[in-house]
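Below is one structure, written out as C-alpha cells; the observations come after it.
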Amino acid sequence: MKVTARNWQAHAALSSSQTSQTPKADAHTDSVQDPREAMDTDILETSMASASRSGSDADSSFKVKSSGPNNSVGDLAAMLARSETLMDVQQVFSKAMRALADLKMGAIASEGKDAKKYAQQIKRMEKLIKRIQKKLKHLAKEQRMEDQAEKAAKKAELEKEKQIRQELEARRKKRRREEKEYALKELSQDGKDSVNETVSSMLSAASPSADVSALTGMDGAMVSGDLGGIDLGGLDLMA
C-alpha cells in the first residue's frame, strides 16, 4: 500500500477534526458543595415541604411570596431556632429584611382581600424581626457570661464559676424552648394559610360566586398539632 502525500494530509485532517469534536469535561461536574452553603438550605426544608406543599400548585390570584422558597415566616423562625452564633442570626436577619421588603412591595399593588392578607404577613414578619433582634442581645449576654466564667476559672474562683455557668445554662434552656415553640407556631400558621388558600382557589375556580368562608375560615385543625411529621432539623421540641 502506497502512502502518498495527499493521503497522509487527508488522514491528518480527519484526525484533527475528530480531536476538535471531542466533548470537553464540564468544569462544574466534579465541584463539591461547601458544607456551609448546605447548612443554609438545611434549615427546615423538610418542614416547609410538609407545611406548604398543599398550596404550592394552586393557581391562586393571591400569592404572598418572598424572594425565595424558604423565606416564609415559619421557615425563618425555624432558622432562628437553629442559629446559635451571632453570624448565623445576622444571616437570618438579612433574609427576614429582604422578605419584608418583598411583602411590602406586593402590598403596594394589592387591594381588597389581598391587601389584608399582605398586611397580616407583614405583621408576622415584623414580629419575627423583633425576635431576631432580641436573640442578638441574648447571645451577646451569654457570651459575656461565658467570658466571666472563664475569668473566674483562671482565678480559681470555682464557686463563682459554677454559679455563672448554672445561670447561663438556665438562660439558654429557656431561650431555646421559647424559640422552638415560636417556630412551631409560625410553621403551623404557614400550613393553615396554605390549606385555606388552596381550598379557596379550588372553589373559586369551580364557582366564582361560591361562598368559601366556611372552608377558608378553618381553625387549622388539619395542620396544627402533629404538623404532618415536621422535622425541625433534629431539634427536640419536647424539651
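The values are calculated or read from the model by the stated rules, or taken from the named source; none is laboratory data. No experiment lies behind these values; they were computed from the predicted model shown. Cβ: placed from backbone, ideal geometry, glycine included. Neighbour counts: every protein chain shown. What goes into the accessible areas is simple: the full protein's heavy atoms, side chains included, and nothing from ligands, DNA or RNA. Shrake-Rupley method; radii C 1.70, N 1.55, O 1.52, S 1.80 Å.
Of all residues in the range 117-169, those satisfying the criterion of being under 26 Å from residue 80 (Cβ atoms) and of a type in the set (Lys, Arg) are 117, 123, 124, 127, 130, 131, 134, 135, 137, 141, 144, 165. Here's a check for you: in the range 98-118, which residue that is loosely packed, with under 13 Cβ neighbours inside 10 Å and among the hydrophobic types (A, V, I, L, M, F, W, C) is modelled with the lowest pLDDT? Checking each candidate, the answer is 109. Would you say residue 144 is part of a helix (DSSP H, G or I), free of Cβ contacts under 8 Å to residues at least 40 places away in the same chain and loosely packed, with under 13 Cβ neighbours inside 10 Å? Judged against the criteria, residue 144 is a match. Each residue in the range 110-141 was checked for being under 13 Å from residue 175 (Cα atoms) and either free of Cβ contacts under 8 Å to residues at least 24 places away in the same chain or aromatic (Phe, Trp, Tyr) (or both), and 2 of them qualify.
Looking at residue 177, is it closer than 22 Å to residue 72 by Cα, open to solvent by 70 Å² or more (accessible area, probe 1.4 Å) and among the basic types (Lys, Arg)?
On the way: closer than 22 Å to residue 72 by Cα: yes; open to solvent by 70 Å² or more (accessible area, probe 1.4 Å): yes; among the basic types (Lys, Arg): yes.
So residue 177 passes the test.
I need the full set of residues from the range 186-221 which are more than 21 Å from residue 121 (Cα to Cα), of a type outside the set (Gly, Ala, Ser) and at pLDDT 55 or above, in order please. The answer is 202, 203, 208.
Restricting attention to the range 75-92, and to residues there that are assigned to a helix (DSSP H, G or I) and open to solvent by 60 Å² or more (accessible area, probe 1.4 Å), which single residue is nearest to residue 146 (Cα to Cα)?
At the first step, the residues of the range 75-92 found to be assigned to a helix (DSSP H, G or I) are 75-82, 86-92.
Next, from what is left, pick out any that are open to solvent by 60 Å² or more (accessible area, probe 1.4 Å): 82, 86-87, 90-91.
On the way: 82: 20, 86: 14, 87: 17, 90: 20, 91: 23 Å.
Checking each candidate, the answer is 86.
Within the range 119-135, the only residue that satisfies the criterion of being exposed (fewer than 15 other Cβ atoms within 10 Å of the Cβ) and of a type in the set (A, V, I, L, M, F, W, C) is 119.
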